[in-house]
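The values are calculated or read from the model by the stated rules, or taken from the named source; none is laboratory data. Worth saying up front: this structure is predicted, and the values here are computed from it rather than measured. Because the Cβ atoms are built from the backbone with ideal geometry, glycine has one as well, and the counts that use them run over all protein chains shown. Ligands, DNA and RNA are excluded from the accessible area calculation, which covers all protein heavy atoms including side chains. Shrake-Rupley method; radii C 1.70, N 1.55, O 1.52, S 1.80 Å.
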Amino acid sequence: TRQIKEFDKSVNSVCPFCGVGCQTTINVKDNKIVQVDGRDGPANENRLCVKGRFGYDYAMSNERLTKPLIRRDDAPKRGDIDMRFMKIEDVFREATWEEAMAKSAEGLMAIEKEYGGDALSGFGSAKGSNEEAYLFQKLVRQGFGTNNVDHCTRLCHASSVAALLEGVGSGAVSAPFTDAMVSDCVIIIGARPATNHPVAATYFKQAAKKGTKIVVMDPRQQDMMKFAEHALQFKPGTDVAMLNALLHVIVDEELYDEQYIQANVTGFAALKEKVKDFAPEDMAEVCGIPAETLREVARLYATSERSIIFWGMGISQHTHGTDNSRCLIAMALITGQIGREGTGLHPLRGQNNVQGASDAGLIPMFLPDYRSVENADIRSQFENVWGATIDPKRGLTVVEIMDAIHEDKIHGMYIMGENPAMSDPDQLHARAALAKLKHLVVQDIFLTETAWHADVVLPASVHSEKLGTFTNTNRQIQIGRPALDPPGEARQDLDIIIDLANRMGLGWTYDGVSDVYNEMMLVMPSLSNIPWSRLIKEDAVTYPAKSENEPGSAVIFEDGFPTADGSGKLVPADLRAPDEVPDEEFPMVLTTGRLLEHWHTGAMTRRSDVLDHIEPEGIAAMNPYEIARQGLVVGEMVSVETRRGAISAVLRADREVADGMIFIPFCFNESPANVLTNPQLDPFGKIPEFKFCAAKIGRYEEV
Ligand code: SF4
């Protein structure tokens, strides 16, 4: 048995990593986590993956920030710092909370006074709680006087949300991933659940064993393909060609649901016209999938009793990411594969609370519950509750904010629990922007790559030290409970936000987390019938909930869509090439992503012993044939270069990577993949094209 220690306490909480939202029990001895177990939650039924089970010791790392830090007057210039080779004390000095908070607020207010609120911006966090996200966006809107507030959803599913809001009137999933168990056909496209949503993957595998037909579409091979009826390793960047070919077959062979379309869908004539030009026989060469396979997959999806589509960042992180999602939405709408158990559309959300942070308004164009900041009636509803005036124009997104700093339009930032110095595309450009700020306040648990650029660093709390709600990919709102005391003088994130707001004169008087949640209920109809007391009692409640006594609605869109006319809207997509295609100078395709053991920019998992021992160094992966063709040697140090910069990494052979492709995970700061990535944005979702750019690779000395 694993239980070899006596615990001081065992606390029920949720996993801090991915959007699956596994429920956990955190076992504590001497204010240290010694074991994490899975609980019988709605999304995990006692299961945990390697991250949830073993990735807990970052919370006790001796690198935790325990005192506020203020940048020294004689610190080296921010742009000149390579933080890996600096001593903290050469850049920062310790400060009292009083001094650090006063400096934080005064710096932000001075910029607001001199340049106006739009010269400020804030990045909140999808790892924080719903209550933190809500107060963070409120502080930026009420205190800074701008809508320049965003978070990492911009880098993962912004294009999916844009397409879903346009097509079906809601950015959330229509059915939980556990519905795969009752589906007849499951399409998984641009997602690698065995790596990135491992517990969800166990449900997909179980479904396959029960007889559900699985279709996996991915330019890289992957574990789930072993369980698939059809595995389509299509050419990278040709998603629209492949998906429009499927739509062509559904239309051409009249596999659509005429009755459902007439009752619930608009735009079918225009879609029909568009997909005429995408016959599988013409698209086979473009996307690399035989025409007959495309026809079989289209027939399987359309004619199964219950079909459901799951997708990930392979779909969303493109300059045509919104178009990719539009095609998936069209497939579901014209076949009526939505609004019933076992059917629907499910973008697998990445971070543990990216769904909740987006719902809570941590985005520049929407107030909480995706209500437009440009609508005067909506603004006045919030203004009445907040007692504040809200800027009527939408704010800037993550990458736009970095550009605005370079253009001298933004001078001050407040960043909580985000690491844009690692996560943003064209990282050297992003770091130069952070270095250019007149005032940067960073609130975090470690001195991250971003925090090294700060004027003030505020030591915050980890997930296992705080109380709050977190919303997983299934729309299940769950309670996270504190198991540890924060180290040293580190404080609760919520308290820091409130302190900063009050130093900026906002006069907030919240009495704890539940008080913040109660205010959220006043302005967020999605939380109706889910009071704090219910969450404490039930631990997880799905929104929307029709009454306090019934479970929330796992499946939505049963009776139409929350759009202006109640119909789902079809938006045909054109085939567009990725922004930067390989050429003679940069002949390879670079794609980036995650590893099973490491989470996003690695701030947490690289400080978790078990996980970092399994994956300890930055790698670039190519398939063995490509390695041999290029005369390289597995295990040697290589240099990968794009038009934005070059990095070095250890070369790994990986048969899953396609010919002509390089895969680099973005979690290693010694091999920072985002130095290489293309910041070009999807025009609708404003998401950068992380999944495709032109690159070259060579021996470390040669490039
Ligand atoms: Fe945590 Fe996701 Fe793993 Fe579950 S699947 S244990 S939520 S990382």
Tally, over the stretch 536-563, of residues that are touching a helix residue (DSSP H, G or I) at 6+ places or on another chain (Cβ under 7 Å) and outside any loop (DSSP other than H, G, I, E, B): 1
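Can you work out which of the residues in the stretch 254-295 that are in contact with a strand residue (DSSP E or B) (Cβ under 7 Å, 6 or more places away or on another chain) and part of a helix (DSSP H, G or I) is surrounded by the most Cβ atoms within 10 Å (Cβ to Cβ)?
Only one residue fits best here, namely N264.
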In the stretch 15-67, the residues that are in contact (Cβ under 8 Å) with a residue 24 or more places away in the chain, open to solvent by 20 Å² or more (accessible area, probe 1.4 Å) and within 22 Å of D179 (Cα to Cα): R39, P42, R47, L48, C49
In the stretch 198-221, residue farthest from the ligand (Cβ to nearest atom) [restricted to those that are open to solvent by less than 10 Å² (accessible area, probe 1.4 Å) and farther than 28 Å from V275 by Cα]: A207
Verdict on I188 being assigned to a strand (DSSP E or B), within 16 Å of the ligand (Cβ to nearest atom) and in contact with a helix residue (DSSP H, G or I) (Cβ under 9 Å, 6 or more places away or on another chain): yes
Filter result (free of Cβ contacts under 8 Å to residues at least 40 places away in the same chain, surrounded by 15 or more Cβ atoms within 10 Å (Cβ to Cβ) and of a type in the set (G, A, S)) within the stretch 622-659: A649, A653
Within the stretch 1-115, strands (runs of 3 or more DSSP E) holding 2 or more residues that are more than 16 Å from the ligand (Cβ to nearest atom), among the charged types (D, E, K, R) and under 20 Å from P459 (Cα atoms): 92-94
Candidates V149, V161, V173 - the one that is within 17 Å of the chain's Cα centre (by Cα), within 16 Å of the ligand (Cβ to nearest atom) and closer than 28 Å to V399 by Cα: V173
Residue match in the stretch 354-376 (condition: crowded, with 22+ Cβ neighbours inside 10 Å and free of Cβ contacts under 8 Å to residues at least 12 places away in the same chain): yes
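Suppose the filter is buried (at least 19 other Cβ atoms within 10 Å of the Cβ) and assigned to a loop (DSSP other than H, G, I, E, B); does G566 pass it?
Judged against the criteria, G566 is not a match.
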Identity of the residue in the stretch 325-356, outside any loop (DSSP other than H, G, I, E, B) and within 16 Å of the ligand (Cβ to nearest atom), that ends up farthest from H463 (Cα to Cα): H346
Residue check for M524: more than 16 Å from the ligand (Cβ to nearest atom) and under 26 Å from the mean Cα position of the chain (by Cα): yes
